[in-house]
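Report on one structure; see the data block that follows.
The values are calculated or read from the model by the stated rules, or taken from the named source; none is laboratory data. What you are looking at is a predicted structure, and each value in this text was computed from that prediction instead of being measured. Heads up, the Cβs are rebuilt from the backbone with ideal geometry, glycines too, and the neighbour counts pull from every protein chain shown. Surface accessibility is based on the protein's heavy atoms, side chains included, excluding ligands, DNA and RNA. Shrake-Rupley method; radii C 1.70, N 1.55, O 1.52, S 1.80 Å.
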Amino acid sequence: MKFSIITPCKVDDLPKLDELKANLESQTFHQFEWIIACNGFDNHFEETQFPIQVVSYQPNTIGAARNAAIKAAVGDYLVFIDADDFLLPDAMKKLNYMTPRNEDTLIDLNHYKTYETQQAYLKDLAINEHTPDFLPDWGGRKKRKPRSYALNFTSDNLKHLNLNKKQQHWLKNKYKVYSGETRYASLRKQLVLAGKVINRHFVNAHHLQFNELNDLYSDVQFMMAVLNSTKRVVLIQQYQYIMVYHNDPINDPSNAQLVRGDRWQKMVSAWIDGYQNLTNAEFRLAFAEYTIRRMNRYLYNAILSNADSIDNVDATLNIVSKYLNLIDKRAFKSVNVLSRRILSAIADHQFGVAQKLMASLVFGRNAHRIVKKRGRGITKALYQLVFTHLAVKPNVIFYESFLGRNYSDNPKYIYEYIQKHYPGKYQHIWSASDPQVKDALKDQPDTRVVKRFGFKYMYYLATSKYQVFNLRQPRWFVKRRGTKLLSTWHGTPLKRLVFDIDNVVNATPMYKRNFYEQSRQWDYLIAPNQFSADVFSHAFMYPQDKMIKSGYPRNDILSAPDRDQKAIEIKKRLGIPLDKKVILYAPTWRDDERASGNEYKFQLKLNVAKLRENFGDDYVMILRTHYFITDRIDTSTFGDFVFNESNYQDVSELYLASDILITDYSSVFFDYSILKRPILYFVYDYDNYAKILHGFYLSMQKDLPGPLLKTNDEIVDAIKNIDQIEQKYKERYAKFDERFNNWENGHAAEKVVNVLLDNSDK
Ligand code: C2G
């Protein structure tokens, strides 16, 4: 047997094993056995292209699991693959090309960390190869680099072959050999066990074992022993091993995400245990330097900020001290003088001195960062260090809508209600990242517009008693005692949200955790209908009893008695001829069309020329892109048929001014349905959107109050026959209205404000 794949596993992980099994079956090379180390799992797998063994172990730790699997293995090489990870289809085949080497060679399948599901990752890969970023050589101090080789091919023997694309792709597969001077050039990666391939006879000859008692870092000590004795590492240059992060550190944390106050202690003990057995002087020094750099980078901050990973500072420093006294002192030179003094103080058990020095080092680093980031850094530092220590102002209300880009949405209508019913009682602060917000509010009494993230913004954010946001508040927001934070959110959800999304493709790594922590700061969350309340309770893990079940303040104008009059005013303001009807096209954004950060592109798939040709005499069209879309779509060729109102402040007013809505997966149709006007869904990319990007809470086929249309011809047809469509969807529309709109009685703002201001204030 050539390879033994080793997978430790908890009973909870069994569904993941099915996925990994399918992944191993789809490999293009099968000369391996699969050993699953799992207590309490009886092997229900049928024999497949490769044998499967299940082993159990004692004690119940991951180290013991791996040891038991090694004992059972018969393959020449041990391949370590964790239950939630997977391989690219040719990984084992490529590995097979790389193995005829000395026993003391460590092979690395090169891991890539991702939050994507296997399906999404492989799809992405087909479009856009995930290759490691090798930085260009900019000169400067020259360090020796590992050499790279082509995998079993030389350009000479390829010249005469007629290669197809796939074969050429193979050619790109190179591997790097870390040996001699470059042997310990990237220790951090080398110390990771996942995706490593080690000769089994070598493991036995050196009596290499996992520590069965260190439940967090049993593999560190093992890998130290491996690196101590292997002469070289062969790293395949393209990622073959895909490490899937748990994207839900709250409900399903991985080992690395578990909140453990003894994390640093466990890690440093693994270093101590491992270090004592190192016989290779060169590796000892390289390892000591690596750990010193790690401590310099992370330990001081963790201690000063009471991080979750340290629940007992003295116990932690005691272990660190023991480690520092063990290692080669030359390693201290890899950090700066101040950091060296800290380390010496810890080594000498002068923990008080060490912590004082840490404080000045961290202060210096922060100051440096602030200077580097100029304004933003300074205002944020003032927020944290000064403003959040000033008294809270009981009559100040702070508002932000869509990252300060608009004067709109629920915050706008809450503000207007308070202005009208509590005149002069409050001072209102609006956050603005766009000058239009200031224009919209310039004549309003008791109202101040502040530049987002500027000094005044920070001051008022810190000292206002009330804050009203329709997206999440900044991550560094400090929730102060006696203040009230109202999250209005910004739509009834159709697309899955936060904890209901399996994998967050495009969000930052800490998305779920951040969301969880930020939403804990909300005193209230508005629910527009019972459906949303139910979704928010699982998607945000937010308790229903803290929700204000009121409908949306932004929708009050849609059922106001003067709504027709308002519609005329809005049309006039926009310059739309009053005798023309209006089609509003308001699509949402696409996760996979990102420009940068929170900015996205949009490709207009609606054939506007065709619409003009067919309906130009009776209709005009309002184009309204989502607030994440920053590229301006050029509509000048469509003359006076199209009004591009993507920058218009308040979409609710556009609803009022229109007669038909065309949208896609955007929540705009929930609000629009209050008007009971026809809705068409232009879902040209339905399959892609539904599968890869989100998934929905409703059945788009069965629950929506209008037809799903995939082509422009269907859109034209539908508009031509809009009366029949209305007729056809009448019943469904009524059901939809009953389900989503029965709290929308035009008094949502009142209800919300009464709760927010605790109506006794009135
Ligand atoms: N919006 C808009 N114009 C658009 C699309 C959206 O003004 N073309 C506004 C609407 O107020 C809408 C809100 O932005 O209700 C949210 O937009 P969605 O398209 O639904 O997308 P998203 O921002 O991802 O929020 O629970 C709701 C979800 O979180 C959706």
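Candidates Ile397, Ile418: the one that is open to solvent by less than 30 Å² (accessible area, probe 1.4 Å), away from the ligand (no atom under 16 Å from the Cβ), assigned to a strand (DSSP E or B) and closer than 22 Å to Val753 by Cβ is Ile397. When Leu485, Leu494, Leu525 are checked against the criterion of being away from the ligand (no atom under 12 Å from the Cβ), among the hydrophobic types (A, V, I, L, M, F, W, C) and at pLDDT 90 or above, a single residue qualifies: Leu485.
Might you let me know whether segment 446-469 holds any residue that is within 12 Å of the ligand (Cβ to nearest atom), touching a residue at least 60 places away in the same chain (Cβ under 8 Å) and surrounded by fewer than 22 Cβ atoms within 10 Å (Cβ to Cβ)? Give the steps one after another, and end with the answer.
Residues of segment 446-469 within 12 Å of the ligand (Cβ to nearest atom): none.
The answer is no, given that none of the residues of segment 446-469 is within 12 Å of the ligand (Cβ to nearest atom), touching a residue at least 60 places away in the same chain (Cβ under 8 Å) and surrounded by fewer than 22 Cβ atoms within 10 Å (Cβ to Cβ).
Within segment 516-540, the set of residues being under 23 Å from Arg481 (Cβ atoms), in a helix (DSSP H, G or I) and not acidic (Asp, Glu) comprises Tyr516, Gln518, Ser519, Arg520.
Residue count for segment 721-762 satisfying the condition of being open to solvent by less than 70 Å² (accessible area, probe 1.4 Å), part of a loop (DSSP other than H, G, I, E, B) and farther than 23 Å from Ser464 by Cα: 6. Take the conditions (1) open to solvent by 40 Å² or more (accessible area, probe 1.4 Å); (2) assigned to a helix (DSSP H, G or I); Leu213 misses just one of them, which is (2).
Results for (1) surrounded by 18 or more Cβ atoms within 10 Å (Cβ to Cβ); (2) touching a strand residue (DSSP E or B) at 6+ places or on another chain (Cβ under 8 Å); (3) part of a helix (DSSP H, G or I), shown as yes or no for each residue.
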{"residue": "Ile272", "(1), (2), (3)": "no, no, yes"}
{"residue": "Ile292", "(1), (2), (3)": "yes, no, yes"}
{"residue": "Arg297", "(1), (2), (3)": "no, no, yes"}
{"residue": "Ile303", "(1), (2), (3)": "yes, no, yes"}
{"residue": "Asn306", "(1), (2), (3)": "no, no, no"}
{"residue": "Ser309", "(1), (2), (3)": "yes, no, no"}
{"residue": "Asp314", "(1), (2), (3)": "no, no, yes"}
{"residue": "Ile319", "(1), (2), (3)": "yes, no, yes"}
{"residue": "Tyr323", "(1), (2), (3)": "yes, no, yes"}
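Screening segment 99-142 for residues that are modelled with pLDDT of 75 or more and assigned to a loop (DSSP other than H, G, I, E, B) and picking the one that is surrounded by the fewest Cβ atoms within 10 Å (Cβ to Cβ) gives Asn102.
Within segment 526-549, residues that are of a type in the set (Asp, Glu) have Cβ atoms under 9 Å from residues that are not in a helix (DSSP H, G or I) in these pairs: Asp534/Ala527, counting only partners at least 6 apart in sequence or on another chain.
Within segment 623-647, residues that are more than 14 Å from the ligand (Cβ to nearest atom) and open to solvent by less than 30 Å² (accessible area, probe 1.4 Å) reach partners that are assigned to a helix (DSSP H, G or I) and hydroxyl-bearing (Ser, Thr, Tyr) with beta carbons closer than 9 Å, at six or more positions or on different chains, in the pairs Val642/Ser636. If you go through segment 649-666 and keep only what is touching a strand residue (DSSP E or B) at 6+ places or on another chain (Cβ under 8 Å) and within 12 Å of the ligand (Cβ to nearest atom), you end up with Leu654, Tyr655, Leu661, Ile662, Thr663, Asp664, Tyr665.
One residue is enough: does segment 611-622 have a residue meeting the conditions under 28 Å from Trp430 (Cα atoms), within 15 Å of the ligand (Cβ to nearest atom) and either free of Cβ contacts under 8 Å to residues at least 60 places away in the same chain or open to solvent by less than 20 Å² (accessible area, probe 1.4 Å) (or both)? Give the steps one after another, and end with the answer.
Narrowing segment 611-622 to residues under 28 Å from Trp430 (Cα atoms): 622.
Adding the requirement that they be within 15 Å of the ligand (Cβ to nearest atom) leaves 622.
Right, trim to either free of Cβ contacts under 8 Å to residues at least 60 places away in the same chain or open to solvent by less than 20 Å² (accessible area, probe 1.4 Å) (or both) and you get 622.
Checking segment 611-622: at least one residue is under 28 Å from Trp430 (Cα atoms), within 15 Å of the ligand (Cβ to nearest atom) and either free of Cβ contacts under 8 Å to residues at least 60 places away in the same chain or open to solvent by less than 20 Å² (accessible area, probe 1.4 Å) (or both).
For Glu517, the criteria (1) within 16 Å of the ligand (Cβ to nearest atom); (2) under 30 Å from Thr114 (Cα atoms) hold in every case but one, which is (1).
Among the residues that make up segment 339-356, is at least one of them touching a residue at least 24 places away in the same chain (Cβ under 8 Å) and in contact with a Lys or Arg (Cβ under 6 Å, 6 or more places away or on another chain)? So far as segment 339-356 goes, no, none of its residues is touching a residue at least 24 places away in the same chain (Cβ under 8 Å) and in contact with a Lys or Arg (Cβ under 6 Å, 6 or more places away or on another chain).
Applying the set (1) touching a Ser or Thr at 6+ places or on another chain (Cβ under 8 Å); (2) open to solvent by 70 Å² or more (accessible area, probe 1.4 Å); (3) assigned to a helix (DSSP H, G or I) to Ile346 leaves exactly one unmet item: (2).
Condition first: within 14 Å of Ala83 (Cβ to Cβ) and either assigned to a strand (DSSP E or B) or among the charged types (D, E, K, R) (or both). Now tell me which residues in segment 25-49 satisfy that.
Start the filter on segment 25-49 by keeping residues that are within 14 Å of Ala83 (Cβ to Cβ), which leaves 34-39, 41, 45.
Selection gives Trp34, Ile35, Ile36, Ala37.
Here Asp348 meets each of (1) modelled with pLDDT under 95; (2) farther than 30 Å from Leu258 by Cα with one exception, condition (1).
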